[in-house]
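Engineer: Handing you this structure, nothing more for now.
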Amino acid sequence: MNEFLPTTPFDLYELHLFHLVAEHRSFTKAAQAAGLTQSAVTRQVQGMETSLGLELFERTTRTVELTPAGRALWREAARLIGDLDQTLRRFREEFNGAKKVIRVGVSRSVGLAYLPGFFHANLRRLPRVGYRVSYEPSTAILDGLERNELDVGVMCPPRRLPRTVRVTHRFSDAFTLIASAEAAASYPGAEAPRADRMGWAQQQNWLMLDEGANTGRQLRAWLARQGATIEPGMLLPGFDLIINLAALGMGVAFVPLRALALYARKRSLCRLSWPEPFVRELCVLVRRHRQLPPHLEQFIANVLF
């Protein structure tokens with residue numbers, strides 16, 4: 001180890017500056033974030049490149065892009081910096097009396113009606129713990145967990161789970177078909193011939209999640225297996241917006257039953273039966289640790305599914 005230290009190509013400070021440039025794709029914005037001049041940041045990064053014998057950025061007069069080597073280092077740098085930030089945060093919490101904070105990322109496809117189940121019991125049982133909640137795409141939640149920028153993620157499980165992340169809980173989430181009273185009046189019903197239902201479906205304006213969402217892809221695959229060739233009229237980021245637009249008569253949609261809890265008084269919204277239910281899976285994710293902190297373990301145990 002002592003022989004290695006003098007030959008280290010960069011230190012944590014330089015790695016942090018590199019990370020800022022990679023995040024912002026700009027030396028100017030990275031310098032502003034670090035409180036330094038652009039020339040100082042440029043010199044530090046150039047020193048890293050010289051020590052490594054590699055170019056980390058492709059620079060033009062207008063853009064700054066990562067090279068393949070730069071992208072690989074950026075991925076590792078994000079994890080290292082996140083691990084260091086997490087370690088320092090725990091030191092402050094355990095030894096300096098800082099308030100414990102749990103960082104929770106909730107997928108945009110998880111409706112607001114789910115949040116009381118996640119936090120109600122914890123607010124009562126862990127009154128000295130704070131929460132920082134973000135509402136973001138599933139891909140951002142996975143990145144946040146890998147980088148140690150999040151402690152817990154709630155989302156539809158991805159097709160491939162990163163090795164640094166594990167599932168603590170899984171639960172089922174049933175869907176129902178909703179429509180405005182006007183659209184519901186012409187619905188033939190679940191017992192009607194399939195051709196009648198499909199004919200009705202073809203005439204509706206469908207409100208659906210964006211295809212980039214795991215739930216959106218699963219819902220489209222489920223509809224295709226039933227022979228429903230439905231083209232969405234509007235692609236939207238979350239079910240709360242979809243439910244409100246459906247109540248305004250702007251379309252029909254399949255939405256989670258639990259998400260409707262906040263909209264029980266919307267008389268213009270009708271639930272319609274469908275022969276085969278769509279059920280997705282939601283999960284709670286954490287980063288792999290040898291042992292979770294006690295307050296984080298208790299938070300997960302208190303979540304109501």
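Engineer: Could you tell me how many of the residues in region 144-160 are in a loop (DSSP other than H, G, I, E, B), closer than 24 Å to Pro256 by Cβ and touching a strand residue (DSSP E or B) at 6+ places or on another chain (Cβ under 7 Å)?
Structural biologist: Qualifying residue count, region 144-160: 3.
Engineer: Sticking with this one: Taking into account only those residues within region 162-190 that are assigned to a loop (DSSP other than H, G, I, E, B) and in contact (Cβ under 8 Å) with a residue 24 or more places away in the chain, which is surrounded by the most Cβ atoms within 10 Å (Cβ to Cβ)?
Structural biologist: Going through the qualifying residues, I end up with Tyr187.
Engineer: Quick one: in region 258-292, which of the residues that are part of a loop (DSSP other than H, G, I, E, B) and crowded, with 16+ Cβ neighbours inside 10 Å is modelled with the lowest pLDDT?
Structural biologist: Per the criteria, the residue is Lys266.
Engineer: What are the residues in region 230-247 that are out of contact with any Leu (no Cβ under 8 Å at 6 or more places or on another chain) and farther than 23 Å from Met155 by Cβ, if any?
Structural biologist: Within region 230-247, Glu231 is the sole residue that qualifies.
Engineer: Using beta carbons and a limit of 8 Å, which pairs, at least six apart or on different chains, have the first residue in region 252-279 and under 23 Å from Phe118 (Cα atoms) and the second one surrounded by fewer than 14 Cβ atoms within 10 Å (Cβ to Cβ) and charged (D, E, K, R)?
Structural biologist: Note: pairs meeting the criteria are Leu260/Arg271.
Engineer: I want to confirm something. Restricting to region 192-207 and keeping residues that are touching a residue at least 40 places away in the same chain (Cβ under 8 Å) and in a loop (DSSP other than H, G, I, E, B), which single residue is nearest to the chain's Cα centre (by Cα)?
Structural biologist: Asn205
Engineer: Next question, about the same structure. Take the residues in region 56-70 that are without any contact (Cβ under 8 Å) to a residue 40 or more places away in the chain and loosely packed, with under 14 Cβ neighbours inside 10 Å; name whichever of them is nearest to Arg147 (Cα to Cα).
Structural biologist: Among residues in region 56-70 that are without any contact (Cβ under 8 Å) to a residue 40 or more places away in the chain and loosely packed, with under 14 Cβ neighbours inside 10 Å, the one nearest to Arg147 (Cα to Cα) is Pro68.
Engineer: Out of the residues in region 114-137 that are among the small types (Gly, Ala, Ser) and modelled with pLDDT under 90, state the one that is farthest from the chain's Cα centre (by Cα).
Structural biologist: Ala121
Engineer: Out of the helices (runs of 4 or more DSSP H) lying entirely within region 26-98, which hold 1 or more residues that are assigned by TED's automatic domain parsing to the domain that holds Arg128?
Structural biologist: 68-95
Engineer: Keeping to region 86-100, report how many residues are surrounded by 14 or more Cβ atoms within 10 Å (Cβ to Cβ) and either modelled with pLDDT of 80 or more or under 18 Å from Val165 (Cβ atoms) (or both).
Structural biologist: 2
The values are calculated or read from the model by the stated rules, or taken from the named source; none is laboratory data. Being a predicted model, the structure only gives us computed values, none of them experimental. Because the Cβ atoms are built from the backbone with ideal geometry, glycine has one as well, and the counts that use them run over all protein chains shown.
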